[in-house]
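The values are calculated or read from the model by the stated rules, or taken from the named source; none is laboratory data. None of these values were measured; they are calculated from a predicted model. Positions of Cβ are backbone-derived with ideal geometry, glycine not excepted, and every protein chain shown enters the neighbour counts. With ligands, DNA and RNA removed, areas are computed over all heavy atoms of the protein, side chains included. Shrake-Rupley method; radii C 1.70, N 1.55, O 1.52, S 1.80 Å.
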Amino acid sequence: MRGGHRLGRRFGWLWGAYGTSALGTWLAFGAFPLIALRVLHAGPAEVAALSSVGAAVGAVVAVPLGPWVEFRRKRPVLISMDLVRCAALLTIPAAYALGALTFLQLLLVSVVVAAADITFSAASGAYLKTLLPAEDLLVANARFESTAWTTTILGPPLGGAAVGLLGPVATVAADAVSHLLSALGIRAMGGHEPRPEHPERRKPPRMRAGDLLHGWRHILADATLRPLFLNTVLFNGLVMATQPLLAVLMLGRLGFTPWQYGLAFAAPSVAGLLGSRLARPLATRFGQHRVLAVAGSLRAVWPVALAFPGPGTAGLLLVIGIELGLVFCCGVFNPVQATYRLRCTPADRVARTLSAWAVTTKASTALLTAVWGVLAALLGPRTAIGLAGVLVLATPLLLPGRAATRLRAVP
């Protein structure tokens, strides 16, 4: 059935695999910093490096993987990336059991997992484009978005309980098992996937230096993708860069407890679930361009207000209210954006395009997080958060115009 209903058995397996691995990832949310602090007695600088350097280096490692994936069957790549993540994560509990766990190992595993995450996302987007007709892509992306927010709601509380009972290493093992189950689910999809043919030759070509930049060249040359790319990279980077500063502000100067801080960011995930469920009906009624423009503009008005919460219940409710509005708008925007991106990209460029997109997003987020850490040290966390919010207000100017976003389904 078209329009938001049954998308077939193979999509069902892919969707289930995504949900399983996403839940495992959220179960282990914050596990690496906890292991570094509690088990290895690392300092603040090492914990910060674990979060930023691991993601940045992983993004760099993933750069050649996009061209490598492009002209290969995507389902084996998906299975391989799941197994790579599973094997890398399992080294943590194994080393811990042997008393041989080190900070360097945590850092290397975070790099491997970050690179595998980017490669998996690129391959899954390319596979989805071949699995479903263009008119069903928004339905599929909305379901993935709903699942992402659902696991965000369920995962951290369950993971927190598991950490309290079994320790953070146990949640890393659970994350590893979730990737193994995801690989088995993708394996169970069955069906024949023809090998993608290179437009110039039958055999997969040897990688050339120019191939590494092909994804960025396609994005920057496309009148729809270029502004959407710049908008997404800047918005995500600025919003994520303020998260550590908000933690310092709330847990330090404002005196909120850890459970209150967790509640402030877990509860609004319900709004993301609602927004993702409304994305397709809204796009059907008002058109995808209007939804993209309105949701993309409204999500930019919330972050600047995060510079103003005070202590006590009123301050906590203010943060929750701001996050509710921000997350709802993101829940509507993200599936529509993902659909535009797939429909505007030819099948033989999807993996490289999505890989370039993810690499830039992760690298810019790491860079902006480091820059905003320096600004917070110089100006204070409130001022740094407010400055990021002011810059976010300008991001709607980068959204593509109506003429550029006339949807064109490319093969």
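Mind computing the radius of gyration and Dmax over the alpha-carbon atoms of the stretch 57-142? Å is fine for both.
Rg then Dmax for the stretch 57-142, in Å: 15.8, 53.
Report the longest stretch of the chain that contains none of the trypsin sites (Lys or Arg not before Pro) sitting in a DSSP loop with at most 13 other Cβ atoms within 10 Å. Each step should come with its number before you reach the end.
Working: sites that count: Arg2, Arg6, Arg201, Arg202, Arg206, Arg208, Arg402, Arg406, Arg408.
Longest stretch, sites excluded: 7-200.
Protein chains only, probe 1.4 Å: how do Glu193, Glu135 rank by accessible area, largest first? List each step's numbers first, then the result.
Values: Glu193 25, Glu135 110 Å².
The most accessible residue leads, giving Glu135, Glu193.
With charges set only on the Cβ (+1 for Lys and Arg, -1 for Asp and Glu), what does the dipole of the chain come to about its Cα centre, in debye to the nearest 20? Don't skip to the answer; put the middle values down first.
Working: 36 positive and 15 negative charges, 284 e Å.
Once rounded to the nearest 20, the dipole reads 1360 debye.
Which of Tyr261, Tyr18, Tyr127 moves the most in a Gaussian network model of the chain with Cα springs under 10 Å?
Among Tyr261, Tyr18, Tyr127, the largest GNM mean-square fluctuation belongs to Tyr261.
For the chain, calculate the relative contact order in percent as a whole number, restricting contacts to Cα pairs under 8 Å that are 6 or more residues apart. Walk me through the intermediate numbers first.
Values: 635 pairs, mean separation 112.2, N = 411.
Computed value for the chain: 27 percent relative contact order.
Could you provide, to the nearest whole Å², the per residue accessible area of the chain with probe 1.4 Å?
Heavy-atom SASA per residue in the chain reads 44 Å².
Once the Cα atoms of the stretch 1-150 are picked out, what are the Rg and Dmax in Å?
17.5, 55
Bin all alpha-carbon pair distances of the chain at 10 Å intervals from 0 and give each bin's fraction as a whole percent.
Once binned at 10 Å, the Cα pair distances of the chain give 5, 21, 33, 28, 11, 2, 0.
With springs connecting C-alpha atoms under 10 Å apart, model the chain as a Gaussian network and identify which of Gly287, Gly185, Gly321 has the largest mean-square fluctuation.
Gly287
Taking the full set of protein chains and a 1.4 angstrom probe, give the accessible area of His179 in square angstrom, rounded to the nearest 10.
For His179, the solvent-accessible surface is approximately 0 Å².
Reported to two decimal places, what Rg/Rh ratio describes the stretch 71-200 when computed on Cα atoms with Rh from the Kirkwood expression?
We get a ratio of 1.03 for the stretch 71-200.
Run the dipole for the stretch 47-170 about the Cα centre, Lys and Arg Cβ at +1, Asp and Glu Cβ at -1, nothing else charged, and hand back the magnitude in debye, nearest 20.
On the way: 7 positive and 6 negative charges, 51 e Å.
About 240 debye.
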